[in-house]
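The values are calculated or read from the model by the stated rules, or taken from the named source; none is laboratory data. Keep in mind the model is a prediction, meaning the values are calculated, not measured. Here the Cβ is made from the backbone with ideal geometry for all residues, glycine too, and neighbour counts use every protein chain on show.
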Amino acid sequence: MPAMTIGQLARSAALAPETLRHYERLGLLRPSARSAANYRLYDADALERLQFIRRALALGFSLADIGELLGLHADADMAAVKAVVHRRIAQIDARIDDLRQLRSGLQALSDQCPGHGPARTCPILAALTRAPRN
């Protein structure tokens, strides 16, 4: 595959050129060369790297985590990679706990509302209107 400009790479990856520039500023992506006119040029490895970034984002990794994973990609021990994944799993578990508590609170509000009658007497609206107790 011949070298691509940032626009060509962006089209190939279905991303905006500004996204690629952002990844470059974060150190997640680097041009492989510069043209005679000083344009950034990227090779096929850059497209693979962008696919890696996209898949990692889909799994909920932060850009900082992705940078760490990309840094580990070459020479690190698998234990370091697994540690990043376990850290992400712990974050997901904490978010699940938060969502369960949120659901429980909403369910308690819902259980208080008969679901008929004037909205001005709705216990859900009343609970949302009251200032929280300290």
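Here is how the numbers come out for the structure above:
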{"read-out": "Selected residue [outside the structural domain of residue 23 (by TED's automatic domain parsing), assigned to a helix (DSSP H, G or I) and touching a Cys at 6+ places or on another chain (Cβ under 9 Å)] from 124, 89, 96", "value": "124"}
{"read-out": "Only one of 108, 83 that is assigned to a helix (DSSP H, G or I) and within 30 Å of residue 129 (Cα to Cα)", "value": "108"}
{"read-out": "Residue match in region 92-100 (condition: surrounded by 11 or more Cβ atoms within 10 Å (Cβ to Cβ) and under 30 Å from residue 19 (Cα atoms))", "value": "yes"}
{"read-out": "Some residue of region 53-75 being assigned by TED's automatic domain parsing to the domain that holds residue 13, under 20 Å from residue 5 (Cβ atoms) and either more than 15 Å from the chain's Cα centre (by Cα) or hydroxyl-bearing (Ser, Thr, Tyr) (or both)", "value": "no"}
{"read-out": "Close pairs from region 92-118: first closer than 23 Å to residue 61 by Cβ and touching a residue at least 12 places away in the same chain (Cβ under 8 Å), partner surrounded by fewer than 10 Cβ atoms within 10 Å (Cβ to Cβ) and of a type in the set (A, V, I, L, M), Cβ under 8 Å, at least 6 apart", "value": "none"}
{"read-out": "Selection count where residues are in contact with a Lys or Arg (Cβ under 7 Å, 6 or more places away or on another chain) and under 30 Å from residue 93 (Cβ atoms), scope region 29-69", "value": "3"}
